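The values are calculated or read from the model by the stated rules, or taken from the named source; none is laboratory data. In this text the structure is predicted, and so the values were computed from the model without any measurement. Note that we place each Cβ from the backbone using ideal geometry, even for glycine, and neighbour counts take in every protein chain shown. For the accessible areas, the whole protein counts, side chains as well, though only heavy atoms, and no ligand, DNA or RNA atoms are used. Shrake-Rupley method; radii C 1.70, N 1.55, O 1.52, S 1.80 Å.
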Amino acid sequence: MKNNYNFEMIKKLRSKIFTLMMLSLSIIVIGIIILFAVLNCNNAIHLSRENIARMTRMRDRPNFQQSMLNPEIQEYQKVNTHIQDVVIFSCAASGLALIIIYVVSKKVSEIIVKPVEDTLEKQKQFISDASHELKTPLTSMKVLSDSLLTQEDVPVELYKEFMGDLSEEIERENKIINDLLSLVKMDKTADKKL
């Protein structure tokens, strides 16, 4: 159950980092693209207004001919085409930026969470190793005590030898437990310093 919890915790952490990066980078990049588009279109709109004002002044002249407006109309159409190009470019750039941001955010969130995953995996391995180390002396003690109990008329020398082996296994178990307690103390001390 704890492994499931750790897996879910890492998954949520990765998801939150990914979402935060996506939002932040998207806002920044799309904001820059919009600023570029607005500045570019603003300049084009200003040129377009000047163009319309010139066409209006030309039309108000007494010697006005429709052919006089042709260069101005072409310039006006160029400005409109430029504005359309800027909008299309901005949309394409935004789409491409979002794809790049998605890929980068995904990769960075994995890189950030990797040390946590590694730590949890090492912790899992340590618990497995410690469990094995604690069970081995217990198994030896069980085998030794069972063999003494199942034999009748055990010679004193064999009894003493088995009791000596039991004592060694108890010492071994005691050393492992003391080492584990020392690790717990070091961990608590490290937590207090943080």
Helix 156-193 axis, angle to the chain major axis (alpha carbon atoms, nearest 10°):
30
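Accessible area per residue, 1.4 Å probe, Å², for segment 64-149: what's the number?
It amounts to 69 Å² per residue over segment 64-149.
Can you give the translational diffusion coefficient of segment 11-104 in µm²/s, computed by Stokes-Einstein from the Kirkwood radius over Cα pairs at 37 °C and 0.692 mPa s? Spell out each step's value before the answer.
Working: Rh = 16.2 Å.
D, rounded to a whole number, is 203 µm²/s.
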Taking the alpha-carbon centre of each part, the distance from segment 81-96 to segment 129-170 in Å is 81
The Kirkwood hydrodynamic radius of segment 22-67, taken as the inverse of the mean 1/r over all distinct Cα pairs, in Å, comes to 13.3
With charges set only on the Cβ (+1 for Lys and Arg, -1 for Asp and Glu), what does the dipole of the chain come to about its Cα centre, in debye to the nearest 20?
2120
Carbon plus sulfur, as percent of the 1.4 Å-probe accessible area of the chain, comes to 64
Would you tell me the accessible area of Ile111, worked out with a 1.4 angstrom probe on the heavy atoms of the protein chains, in Å² to the nearest 10?
110
If the chain between Leu148 and Glu110 were fully stretched, how many nm would it gain, using 0.36 nm times the residue separation less the Cα-Cα distance?
8.1 nm
Here are a few candidate values for mean projected area of the Cα convex hull in nm²: (i) 14.2; (ii) 19.0; (iii) 11.9. Which one was actually calculated from the structure I just gave you?
(ii)
Given a cut-off of 24 Å, name the pairs among Lys16/Lys107; Lys12/Lys114; Lys106/Lys192 whose C-alpha atoms lie farther apart than that in the structure shown.
Lys106/Lys192
Global geometry of segment 70-129, whether rounded, prolate or oblate, following the gyration tensor of its Cα atoms and the 1.5 cut on a/c
prolate
Which aspartates and glutamates, on any chain, are close to Lys124 with Cα under 18 Å apart, when same-chain ones fewer than 8 places away are left out?
Glu8, Glu133, Asp179, Asp187
